[in-house]
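S.K.: Take a look at the following structure, please.
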Amino acid sequence: MAQFFSVHPQNPQIRLLRQAAQMIAAGGLVAVPTDSSYAVAAPLDDRHAADALRRLRGVDERHHLTLLCRDLGEIAQLAHVDNRQYRLLKAATPGPWTFILEATREVPRRLSHPSRKTIGIRIPDHPIALALLQETGSPLLSTTLIPAGEEEPLNDAAEIRERYQHDLAAVIDGGACCGEPTTVIDLTAEPPQVLRRGRGDPAALGLQES
């Protein structure tokens, strides 16, 4: 059964997040609250992590997985970012956005889109998610916790544990999130294209929805 960590949403107990980080380092999947909805995080360097996340979500390799990062410096190591893209990233992060960017060679090919060689990148604006990233010391592979065949992300930690007790190593209970997924923006398009409208308002970044 997945371990259950009750963590304060504003002042997370580092000793608990350190335990969760150790589970991730060992190859486990961990549900974590973010500024949009609950996500499942996995180690970036684990060869089986991407397949495990895709099975959990019921999606194929064409579905963009997301790299959770601590700051813009980490993004620059994982994605090619030009000046236009950097300005938009700087204005939007941290926040409820996922940006599609061209992956660098630092990103294993198995994690990027098979034909486009792109990857989702995100800096969450949530104390628990950021503290977990600090404890792991590196970006994490993630996906929004939307059950296969459903459209809305799960928002209750107890329900997540009940439904995925045999799939997750741990669930970090930080209380309810806002319950909306991130807004996904393809920065490889010109102009940038809104692929999914979520919590983030594209107009706040000067973008129009098609």
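Nothing in this text is a laboratory measurement; each read-out follows from the coordinates by a stated rule. Everything numeric in this text was worked out from a predicted model, so none of it was measured. Note that we place each Cβ from the backbone using ideal geometry, even for glycine, and neighbour counts take in every protein chain shown.
S.K.: Would you compute, from DSSP H runs of 4+ residues alone, the mean residue ellipticity of the chain at 222 nm, taking -39500 (n - 2.57) per run and dividing by the full residue count, rounded to the nearest 500?
M.R.: Values: 6 runs with 55 residues, N = 210.
Calculated from helices alone, the mean residue ellipticity at 222 nm is -7500 deg cm²/dmol.
S.K.: Let me ask another. Restricting to region 80-210, what percent of DSSP beta bridges are antiparallel, rounded to 5?
M.R.: Roughly 65 percent of the DSSP beta bridges within region 80-210 come out antiparallel.
S.K.: Given Cβ point charges of +1 (Lys, Arg) and -1 (Asp, Glu) and nothing else, what value in debye, to the nearest 20, does the dipole of the chain about its Cα centre take?
M.R.: 500
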